[in-house]
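What follows is a set of notes on a single structure, which appears directly below.
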């Protein structure tokens, strides 16, 4: 692979300069982040917002309350997120785990060392690598870079790295940027913003802040 024209931290600074702070993850509590991270799988965030609002209106946005809900009721609350039957089972199971093992207290779970916390989260049905890292970073406030489809696509187009597997991409970013939770949060959110607005499946290079940096797709302008 030829050398990239931009380093990960240079990319972060360029995106931050262009888009500004993203104030992500939008949530009032760490538990709301957990729920959002689970429900946002394979669906747009606006649908997750509707589901979370339903849970808030029903006064059940709490691990113990959700674990005690019937599946039918929970499915109804989160129906806007799609795949709601599977998500309801997963969410109820995760909440039951938090309720029984930690008495519903996320602080106890999040006080664990990061690698142990990640291993424990990954052992739960409905939590994969991206979801686990989102929870660790945005809910627990610990260093764990989130890799999503946007990040993978941007890395390929900018030729940032040859790595394509999740864990290797995660290590690549974590070794290339400051060990700062706020930088991790902003960088992930900025990559999502770039992916949603410009670096789509069919790239929209016009006015993209990376137009002059992107090697592979400038011909598609």
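Read-outs: derived from the displayed coordinates by stated rules, not from any lab. Note that the structure is predicted; figures quoted are calculated from it, not measured. FYI the Cβ positions are ideal-geometry reconstructions off the backbone, even for glycines, and counts take in every protein chain you see.
Points worth noting:
- Taking the number of Cβ atoms within 10 Å of each Cβ as an exposure proxy, the fewest-first ranking of 154, 136 is 154, 136.
- Options [x] 54, 34, 27; [y] 53, 34, 32; [z] 75, 40, 26 - which one matches Cα extents along the principal axes in Å as calculated here: [x]
- Note on 211, 133, 180: ascending count of other Cβ atoms within 10 Å places them as 180, 211, 133, the fewest first.
- Computed extension length for residue 29-residue 107: 26.9 nm, one decimal, from 0.36 nm per residue of separation with the Cα-Cα distance subtracted.
- Here the contact order of the chain, divided by its residue count and restricted to Cα pairs under 8 Å and six or more residues apart, works out to 25 percent.
- Debye equation applied to the C-alpha atoms of region 30-139, log10 I(q)/I(0) at 0.10, 0.19 Å⁻¹: -0.24, -0.92
- Across region 30-139, Cα pairs under 8 Å and at least six residues apart give a relative contact order of 31 percent.
- Mean ellipticity per residue at 222 nm, deg cm²/dmol - from DSSP H runs of n ≥ 4 across the chain, formula -39500 (n - 2.57): -16500 deg cm²/dmol
- In region 2-54, inverting the average of 1/r over every pair of distinct C-alpha atoms gives 13.5 Å as the Kirkwood radius.
- Fewest-first sequence of 74, 106 by Cβ atoms within 10 Å of each Cβ: 106, 74
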